Amino acid sequence: MEIKSILLSLKQNKFMASIMVLQIAFTMAVLSLSVLLAAATLKEWNLPSGIPHDDIIRVTPRFYDPNMNVAAAVQHDLQRLQAIDGVQAVSPTDQVPFAAEVVRDVYLSVEEEAQSYKTNIFSADEKLLKVLDLTLIAGRAFTFSDVIADPDAKNSEVMISQSMAKALFDNGNALDKTVWLNKGSDPVKIVGIYSDFMNGETLNYFGKSYQTMILPRSSWQFAAEPHYLLRMTPGLAVQKLEDIATVFYQEQGRYLAVYERLSRIQKRMYDGRGSRALTFLVISLVLVLITSFGIAGFTSFQVNQRRKQIGIRRALGGRKSDIMAYFLTENSIITFAGLLLGTVVTLFFSFELSTMEQQNILDLVLLMVIALLLWFINVVAVWLPGRRAVKVPPAIVTRGS
Amino acid sequence: MLKMENVSKIYRTELIETHALRKVDLHIKAGEFVAITGPSGSGKTTFLNLAGLLETFEEGDYYLDGENVRGMNDNQLSDLRNEKIGFIFQSFNLLADLPLYQNIEVPLRYRGLSQADRKQRVEQALETVGLASRAKHLPTQLSGGQQQRVAIARAIAGEPKFLLADEPTGNLDSLMAQQVMELLEKINQSGTTIIMVTHDDKLARRAHRNIQIFDGQVSDLEYSVADDIVKRA
């Protein structure tokens, strides 16, 4: 390998070579970050929901009259919904599975530097467990008397999911422990642990799909309205959707904003995620294409510029394979420099991301695969113009310059 | 040593056939210094290309150092060029991106010599042409005469049996041309066969033997010192 001569020669073409290095570095960085983000996005794809999502309906009313007694209206709605044939249980909640976006930090101590744990807190009445068909794993479930209706009163007890218990306490033994719902305040005692169900997009993306808590609370008022979750007799959900909507046509002071099965929300969540990952990958693909054309163009340019040089090398005894090896080595040096720089940039940004979002997307094996892929693309991109280079006849040297 | 029998070269396009060389019979012995002259378009360059294995030919046989090169594949020809032939060109044909040292090293690398061996030969060759102190310079930092000496160094570093020189002094002023000629004669005296294409009669007469190419045909010209004197008178 004539690496030293190639380096000396590249020194004479500093500008072009630097631009190629930058382009490859940029491609490496964008491709790596896109693939890493896409991989992180798709990692939590199609996890079990933990609930019979086909048989649960979500109804979201909107109250538009500020003078209305919302708490009473909610009670009224719940009764009417409960009365529909096929409705097994109804519960008002402030968040909906697969769409719980209010992410909260909770703490295990009051210290200033106490570690925070991410979770979605569902405020609901005692029927939520039944609506979602959750299993009580330890402790006790809430009863009607636990549910707080006074907006100014604070909860003193909470139920948490099995995954949340594991996140908070390594051994999952969370019962009777205290957790603070805000930094330094609002302590609550864990009285029960229930089986996991999926929270929402945000925590799902971070690989914390099942970290939830349930507060027994039903303090609904204007601007703090609930969603209604309805557990239907299996198979009846689709058929009963219109009956449910009809209930609201006859009510004053509110309209029906959304009513749908939870399976639809689940699909929406994954669809959004899929298209996001796809967007990343398409951008990367376009970039890779541009870069490979860049490399091919660069080599092609070099071949044209150096026809005489190639002829000289051939006259001096260089075989066709030597000429090809020369161009491959030269471009590999450039590619190597670009990949190195690109990797540094990728590492920098993934560390930034991991500190910013507490999410480690770095995957060194994936990074190596991407580098190898780019290397391979480089080889192909050099190969095609390189074939023209090896066809330069050595007799070119005896023609006038 | 170099023997051509009935060698012809025809360039074909769709419309015409050009007979660049017609049935060349030629025998050049080891150690000869041969000058080849002829008008432009007579076939000198074609002859050089064939002799230097830069082009192939359709008819005849060509024995280089005892080996018939006819029908050899591209790799065999490359290897043979590398080992047996050193080239010197009118326009020097140095690799502009590379310092002198790396320029001279190129054919030695293709031969697969070890680094130590290459170093010894490159330094020796630079010494012979009197440019040992310039090893790290780029060709463009040298004068024309110096560049041609680098090209000669590159040609002799591999200790080839033949030197093929294509108008080696064509781009040089008379003083530099003189120096280059002396260098070639010195190399010839050490046993290397030299075939030199030139326009310059004066240079041609310094060779042992003069061959003229005219209209693709090769013939020996007999010169003697006496002829010269008669002509001058």
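The values are calculated or read from the model by the stated rules, or taken from the named source; none is laboratory data. Here the structure is a predicted model, which means the values were calculated and not measured. In this analysis, Cβ positions are derived from the backbone assuming ideal geometry, glycine residues included, and neighbour counts consider all displayed protein chains. Side chains are part of the model used for accessible areas, which takes the heavy atoms of the whole protein and leaves out ligands, DNA and RNA. Shrake-Rupley method; radii C 1.70, N 1.55, O 1.52, S 1.80 Å.
Within segment A:248-297, which residues are modelled with pLDDT under 85 and touching a Lys or Arg at 6+ places or on another chain (Cβ under 8 Å)?
A:Phe248
Inside segment A:5-60, can you point out the residues that are open to solvent by 10 Å² or more (accessible area, probe 1.4 Å), assigned to a loop (DSSP other than H, G, I, E, B) and under 30 Å from A:Met198 (Cβ atoms)?
Residues satisfying the conditions are A:Glu44, A:Trp45, A:Asn46, A:Leu47, A:Pro48, A:Gly50, A:Ile51, A:Pro52.
What is the residue count in segment B:58-71 for residues that are surrounded by 21 or more Cβ atoms within 10 Å (Cβ to Cβ) and either within 8 Å of chain A (Cβ to nearest Cβ) or not aliphatic (A, V, I, L, M) (or both)?
Selection size over segment B:58-71: 1.
Considering only segment B:136-147, how many residues are free of Cβ contacts under 8 Å to residues at least 40 places away in the same chain and open to solvent by 20 Å² or more (accessible area, probe 1.4 Å)?
5
Restricting to segment B:132-166, what's the tally of residues that are small (Gly, Ala, Ser), more than 16 Å from B:Val106 (Cα to Cα) and in a loop (DSSP other than H, G, I, E, B)?
1
Just name the residue that is least open to solvent (accessible area, probe 1.4 Å) out of those in segment B:72-82 that are more than 9 Å from chain A (Cβ to nearest Cβ) and either closer than 27 Å to A:Lys11 by Cβ or assigned to a loop (DSSP other than H, G, I, E, B) (or both).
Here the residue is B:Met72.
Go through segment B:83-112 and give me each residue that's in contact (Cβ under 8 Å) with a residue 60 or more places away in the chain and in a helix (DSSP H, G or I).
B:Glu83, B:Lys84
Name the single residue that is nearest to A:Arg314 (Cα to Cα) among those in segment B:112-132 being within 13 Å of chain A (Cβ to nearest Cβ) and of a type in the set (Lys, Arg).
By that ranking, first place goes to B:Arg118.
Among A:Ser9, A:Ser32, which is the only one that is within 14 Å of chain B (Cβ to nearest Cβ) and of a type in the set (Gly, Ala, Ser)?
After applying the criteria, what remains is A:Ser9.
With A:Gly184, A:Gly192, A:Gly200 as the choices, which residue is at pLDDT below 90 and over 19 Å from A:Ala99 (Cα atoms)?
A:Gly184
What single numbered condition from (1) within 14 Å of chain B (Cβ to nearest Cβ); (2) closer than 21 Å to A:Leu42 by Cβ; (3) polar (S, T, N, Q) fails to hold for A:Thr398?
(2)
For B:Arg109, are the conditions met, namely being within 10 Å of chain A (Cβ to nearest Cβ) and open to solvent by 20 Å² or more (accessible area, probe 1.4 Å)?
Yes, satisfied.
Out of all the residues in segment B:168-188, which are closer than 22 Å to B:Leu64 by Cβ and not hydrophobic (A, V, I, L, M, F, W, C)?
If the condition is that a residue be closer than 22 Å to B:Leu64 by Cβ and not hydrophobic (A, V, I, L, M, F, W, C), then B:Pro168, B:Asn188 are the ones that fit.
When both residues are 6+ apart or on different chains and their Cβ atoms are under 8 Å apart, which pairs have a first residue that lies in segment B:116-131 and is among the charged types (D, E, K, R), and a second that is assigned to a loop (DSSP other than H, G, I, E, B) and open to solvent by 90 Å² or more (accessible area, probe 1.4 Å)?
Listed pairs, sorted by first residue: B:Arg121/B:Glu159.
Condition first: in a loop (DSSP other than H, G, I, E, B), open to solvent by less than 10 Å² (accessible area, probe 1.4 Å) and hydroxyl-bearing (Ser, Thr, Tyr). Now tell me which residues in segment B:167-207 satisfy that.
Of everything in segment B:167-207, just one residue is in a loop (DSSP other than H, G, I, E, B), open to solvent by less than 10 Å² (accessible area, probe 1.4 Å) and hydroxyl-bearing (Ser, Thr, Tyr), namely B:Thr198.
Which members of segment A:153-168 meet the condition of being crowded, with 16+ Cβ neighbours inside 10 Å and in a loop (DSSP other than H, G, I, E, B)?
A:Asn155, the sole residue that qualifies.
Of the residues that sit in segment B:83-106 and are hydrophobic (A, V, I, L, M, F, W, C) and facing another protein chain (nearest Cβ under 7 Å), which one is nearest to A:Arg307 (Cα to Cα)?
Ranking the candidates gives B:Leu95 first.
Do we have A:Val288 as closer than 15 Å to A:Asn378 by Cα and surrounded by 14 or more Cβ atoms within 10 Å (Cβ to Cβ) here?
yes
Looking only at segment A:341-353, filter to residues that are within 22 Å of the chain's Cα centre (by Cα) and open to solvent by less than 30 Å² (accessible area, probe 1.4 Å); which one of those is modelled with the highest pLDDT?
My answer is A:Thr346.
Can you name the residue in segment A:233-256 that is among the aromatic types (Phe, Trp, Tyr) and surrounded by fewer than 17 Cβ atoms within 10 Å (Cβ to Cβ) and, of all such residues, is nearest to the chain's Cα centre (by Cα)?
Looking at residues that are among the aromatic types (Phe, Trp, Tyr) and surrounded by fewer than 17 Cβ atoms within 10 Å (Cβ to Cβ), I get A:Tyr255.
So, in segment A:384-395, of the ones that are open to solvent by 100 Å² or more (accessible area, probe 1.4 Å) and modelled with pLDDT under 90, which residue ends up farthest from the other protein chains (Cβ to nearest Cβ)?
Once the filter is applied, the top-ranked residue is A:Leu384.
Out of A:Gly338, A:Gly317, A:Gly311, which single residue is more than 10 Å from chain B (Cβ to nearest Cβ), in contact with a helix residue (DSSP H, G or I) (Cβ under 8 Å, 6 or more places away or on another chain) and surrounded by 19 or more Cβ atoms within 10 Å (Cβ to Cβ)?
Result of the check over A:Gly338, A:Gly317, A:Gly311: A:Gly338.
Within segment A:199-217, count every residue that is open to solvent by 20 Å² or more (accessible area, probe 1.4 Å) and either among the hydroxyl-bearing types (Ser, Thr, Tyr) or not assigned by TED's automatic domain parsing to the domain that holds A:His76 (or both).
3
Just to be sure before I move on: is A:Tyr259 assigned by TED's automatic domain parsing to the domain that holds A:Phe144 and either under 19 Å from the mean Cα position of the chain (by Cα) or not in a helix (DSSP H, G or I) (or both) in the structure I sent?
No; evaluated as a whole, the condition is false for this residue.
Hey, could you check segment B:65-119 for residues that are touching a helix residue (DSSP H, G or I) at 6+ places or on another chain (Cβ under 6 Å) and among the basic types (Lys, Arg) and say which is nearest to B:Lys3 (Cα to Cα)?
Per the stated criteria, the residue is B:Arg111.
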